[in-house]
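The values are calculated or read from the model by the stated rules, or taken from the named source; none is laboratory data. Quantities reported herein were computed from a predicted structural model and do not represent experimental measurements. Note that we place each Cβ from the backbone using ideal geometry, even for glycine, and neighbour counts take in every protein chain shown. When the accessible area is computed, the model is the full protein with side chains, heavy atoms only, and any ligands, DNA or RNA have been set aside. Shrake-Rupley method; radii C 1.70, N 1.55, O 1.52, S 1.80 Å.
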Amino acid sequence: MVGELTLTPWQQIAASSSGALLTSFFTTPFDVVKVRLQAQQKLRSAAVSCLLCVHKLCMCSVPSAQQGITGRYGSMGMFVNIARGEGPQTLWRGLSPTLLMAVPSTVIYYTVYDGILERSGYSKSDRTNHFLPALCGGSARTMAVVAVCPIEMVRTKMQAQTSSYGDLVWAVRRAVLADGLASLWRGFFPMLWRDVPFSAIYWTFYEAQKTRAIREGRTISTVEAFVGGATAGMMAAILTSPFDVVKTYWQVELGESSAAESRRLSLIQAMRNIVQVNGWRGLFVGMVPRVVKVTPACAVMISTYETGKAFFHQLNSQQYS
């Protein structure tokens, strides 16, 4: 029997997936702009040592090098350039894998987080151990990353380039033939370094705000959840941006000859190379659209999740009272 404070698995899925679908649709354009900015920097970095690329005479293996060095845009410039040059619909490129990834990723993430946190006894304690939300958030995100990393790579590749679905299938097939199924988890470790600290920071700040509401004898309101999620998401997005840049660098090489060379680099070596060519600012390219995307996404996601849980808690208590 479902207790007053217990949600069924289907109720948890409903509470978490609704926000995931909503945020996926409205934040995809910012993701496309962010990936394009990061891919633009990578292409310019790859071509900078070859003078022939600059004059469009190069026949080397740098992918789309001539396209990558013909212009340089900021966040707004890239947004306008994509909309004008490729059509507004391009801003939603990669929406299909985003939607395919959003529901399972979010369900795994939030369900596992709530489950681990509940079993840790945090909710029944005085909630002063701020390490527990960080540990539970990081653990839940790790499981989600393992599950959706291949889809994330396909989405990144789609957003970085204007290639057709046939080209994308060919790139995936080439990568699998060359390196096996493990190639589908390319960018896994930068993704972990981006998402696990993000989740640890996010849940630590959010649970602190939730604790204040509980100590005042009330539940956290939708507005508080929205503001708390936005603030925590913004701070976490800024601090983890360098790992997001490396993740994009590695994942856009899917099916390309340059993938073998970068695969030999460690995460630290990859970051060092970016700094050597682009300076420290290179580690934060695309941060603005990422923050603009993540901040409202976290706010909408957590507020809809808390509202959904509150609705099902009330429904359960009425049904079994």
I'd like the full set of residues that are assigned to a helix (DSSP H, G or I) and open to solvent by 30 Å² or more (accessible area, probe 1.4 Å), limited to region 209-223. 209, 210, 212, 214, 215, 222, 223
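For region 273-314, give me the residue count where each residue is more than 19 Å from the chain's Cα centre (by Cα) and open to solvent by 70 Å² or more (accessible area, probe 1.4 Å).
So the count comes out to 6.
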Could you check region 144-193 and list, in sequence order, the residues that are at negative phi, surrounded by 19 or more Cβ atoms within 10 Å (Cβ to Cβ) and not in a helix (DSSP H, G or I)? 161, 186
Name the pairs: first residue in region 239-254 and modelled with pLDDT under 85 and in a helix (DSSP H, G or I), second residue open to solvent by 10 Å² or more (accessible area, probe 1.4 Å) and of a type in the set (A, V, I, L, M), Cβ to Cβ under 6 Å, at least 6 apart or on different chains? none
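Residue-wise test of (1) in a helix (DSSP H, G or I); (2) within 22 Å of residue 292 (Cβ to Cβ); (3) modelled with pLDDT under 50.
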{"site": "17", "(1), (2), (3)": "yes, no, no"}
{"site": "20", "(1), (2), (3)": "yes, yes, no"}
{"site": "23", "(1), (2), (3)": "yes, yes, no"}
{"site": "29", "(1), (2), (3)": "yes, yes, no"}
{"site": "32", "(1), (2), (3)": "yes, yes, no"}
{"site": "41", "(1), (2), (3)": "yes, yes, no"}
{"site": "45", "(1), (2), (3)": "yes, no, no"}
{"site": "49", "(1), (2), (3)": "no, no, yes"}
{"site": "58", "(1), (2), (3)": "no, no, yes"}
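Please work out which residue is modelled with the highest pLDDT, limiting yourself to region 98-143 and to residues that are acidic (Asp, Glu) and surrounded by fewer than 17 Cβ atoms within 10 Å (Cβ to Cβ).
By that ranking, first place goes to 118.
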State yes or no: is residue 233 part of a helix (DSSP H, G or I), in contact with a Cys (Cβ under 7 Å, 6 or more places away or on another chain) and closer than 25 Å to residue 30 by Cβ? yes
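The rows are residues; the columns are (1) at pLDDT below 90; (2) within 30 Å of residue 26 (Cα to Cα).
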position: 270; (1), (2): yes, no
position: 273; (1), (2): yes, no
position: 291; (1), (2): no, yes
position: 296; (1), (2): yes, yes
position: 309; (1), (2): yes, yes
position: 319; (1), (2): yes, no
